[in-house]
Every structure is written in C-alpha cells, then in structure tokens.
1. Using only alpha carbon pairs under 8 Å that are at least six residues apart, calculate the relative contact order of the chain and give it in whole percent.
2. Below 25 Å, Cα to Cα, which lysines can K345 reach? Residues fewer than 8 away in the same chain don't count.
3. At what distance in nm do the modelled label points of N241 and E6 sit from each other, each positioned 7 Å from its Cα along Cα→Cβ?
4. Output needed: Cys residues of the chain lacking any neighbouring Cys C-beta below 4.7 Å, sorted by number.
5. Ratio of the range 110-201's C-alpha Rg to 2.2 N^0.38 Å, to two decimals?
6. Antiparallel versus total DSSP beta bridges in the range 4-367: what percent is that, nearest 5?
7. Write down the Kirkwood hydrodynamic radius of the chain, to one decimal in angstroms, obtained as one divided by the mean of 1/r over all alpha carbon pairs.
8. At what distance in angstrom do the alpha carbon centres of the range 20-96 and the range 126-193 lie from each other?
Amino acid sequence: MRKWKEILLEQLSPDAPRLTINDATILYDEADINDLMHVSLARRKIQVPGNGVTYLVDRNINYTNICTINCQFCSFYRPPGHPEVYTQTFDEISQRISELENIGGSRILMQGGVNPELGLDWYLDLISNIRKKHPTISLDCFSPIEIEGIADVCGMSTLEVLVQLADAGMHGLPGGGAEMLVDDVRLDISPKKGSADNWLRVMSEAQELGLTTSATNVFGFGETNNHRVLHMDRIRIMQDNALSLGRVGFTSFVAWPVQLENNSFGKRNRGRNRIELGAGPVEYLRHISVSRLFFDNIDHIQASWPTMGLGVAQMAILAGADDAGSTMMEENVVSASGTKKILAKEEELQNSIIRSGFSPVKRDSDYNHLETLLLEKRDLVAAVPIQN
Ligand code: SF4
C-alpha cells in the first residue's frame, strides 16, 4: 500500500496524476492534516489561480415544507395534513425577492419538499411570475427529488418537466439531495429518495438542457472515508462525461456534515458516540482538502459557513476552498437541525475572506466575477464583526 507522504508529494506537482480512489482514501484515513491542507491549498492555486475567493449575494427561499419523502436526517419537512405545514404564496415569494434586490443580490435558491398538492402548472406559473417581476434575478430552483415529485404528480418524465421549467425561465437546478451517492448509505437514511442513479440521471438531464448545476454532499452518517471518496468518484465520472459532451457540467462541489438535532436520524443514534457522526472542524477540513485534490475537473470548492461557522469556513479557504458560499438571508432546512446562523451579511463574508489572506470577489450564480475588492482597499470592511 502506498504511503500518504508519497501520494501528497506527487500531488504537489503541477502535472500531478489524477488521484485514485485508493490514494484519496489513504489521504483521508492517514495524512497529517497540516501537510494535507498545505498541498490542497497549493493545488487550489494551480487550479484557480490568483488570490480571489468568491462569494454570492443571494437568498434562500423554502417555498413549502410539505414533503412525503421522510428523509431521516431532515428536520424541515412536515407530512401532508400536519398542523405546521405551509406553502408560500407567489406574493410572499416575490416580497422576499424584492428584499434581495434591495441589497444588490443576483440569485435565489428556491427549494422545498416534495409536495403532492402542487402540479407542474403551479411551478410554471411561479417561475413565469417571478421572471416577469424580477427579470435580473437568476432562478436556481428545486432539486432532483422535487423534479421527480412533479413528474409523478403530472405523469410526465423528469426531462419533460425540466424542459418546461427551463422554458418558463428557470436558470439552474441546484444539486440538493445528493447526500451520499453510495446506495448502501443512501438507501438506509432516505429509502424513498431512490438510488444514486436517480439523482445523477436528473442532474445529467439538467446539464443537457444547459441549466446551471452544482454537486452537493452531506456526510457523517457513520459511513467510511472510502464511502465519502466513492461519492466524489460518482460526481467526478459524471463530470468527465459532461465535459466530453461539451457541457459545462457542475460548477462546484459543496459539502457539509449532517446535523443531528430534531430529526429521526439524530434520535435513532442518540445512544451512540456522537463523535462518529457529523464532522468536527478538523474532519471537515480533511474533507475539503481531499475533495480539492480529487476534483481535477471541478474548479470551485465551497466552504460551508452555515454548518461549520465562519471561523471554520475561513480555515476551509486555507484547505483549498475558493468560494465562501452565499449570504442566504434565510435558511430553514439545515437550520431546523440545529445550526444557529442562517444569514451572513455581505461584509461578513468579505471580512472572513480578507482575514484568511485572500481578496473577496463577488460573483453570480455561474461564477462570473461581478466585483473585486481592490487591493488597496483590503482593510477590513468597517464595523462588521464576524459572528459565528
Ligand atoms: S430532505 Fe428534502 S426530500 Fe428529504 S424529507 Fe426533507 S424536504 Fe423532503
């Protein structure tokens, strides 16, 4: 078996060979965290040259909490008929987008449950309505399981649903719901969500239509480090295929550890040593570093401040992340499982990036740069303390 030092030394070279599943697992299991972060930061500087770290001013909108999928780690959903169910009206959603426009935001990320009461017409009306009222905002909406839910309700294929949503003005399909693309793990925590192949198929259809997509990863369900690398491998293979077909593929890889409060996964594991579940800061940084080295075909690796806090997100930049995520303005899904911070001011993200030794770059949903804080202005943005 190869030694982790040998693998890391090899990865320091600008023309390093592609990291294999075995070598990535060895790094995950054994590498010294300081050496690992050093090499993954060097790799980031080769793959994403320059000193910029991007961020996005956006808003999350969780339009309905009604869901029939019952993922064990989800604290957000309510089953149909539950007294706490809600579905936002078009006016409520539009009001939220106006608030985003007021702070110079450029996209909404709209996700909800799989609501059997909403047919395709409701979604098409929603997208067209927003498109008319807020023409400059990018609409990154839904996830593969929501698309499958709409397809079931209206008796169409997922591709047909995506075509109609794209025609109505949807800009992107975020990669929510990937969790672990390893069926042994996936089907244990979300049996009704279906296999990894389902998620990959719907995302591939979205990429075929030119929708903007990202790849996500929730980890810490008690799986092995090898499972985590296998998840990355499913995404890397799909990205290879997308690029070979001339598609943009995934813009980014976004990972965060499962949260354990207020959900049946946390309850089911109550007696268990919680250190085995989720991920602490060092394990999270290890995950970021390995993903940076593994994804030679996805440029952007995101740090997750909502789950890890801004302090750890700053460290993630030093582990090879080149994106600090987004302002969100509100977050109702992960925060229902115990995270406290649900929004970040733009200045907080800028200051976090500056304190990590990088320059903040405001971007849009497609990672186009909108605005870079000039070097001579790289003192901290005034009077905005960082709050984890
Ligand atoms: S994670 Fe999504 S699909 Fe799963 S129960 Fe929650 S809202 Fe439903």
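1. 22 percent
2. Once the sequence-local lysines are set aside, what remains near K345 is K133, K362, K377.
3. 3.3 nm
4. Isolated Cys, the chain: C67, C141, C154.
5. Working it through for the range 110-201, the quotient is 1.12.
6. 5 percent
7. About 21.2 Å for the chain.
8. Comparing the Cα centres of the range 20-96 and the range 126-193, I get a distance of 16 Å.
The values are calculated or read from the model by the stated rules, or taken from the named source; none is laboratory data. Just so it is clear, the model here is predicted, and its values are computed rather than measured. Glycine gets a Cβ as well: all are built from the backbone with ideal geometry, and neighbour counts include every protein chain shown. We work out accessible area using only protein heavy atoms, side chains counted, and drop any ligands, DNA or RNA first. Shrake-Rupley method; radii C 1.70, N 1.55, O 1.52, S 1.80 Å.
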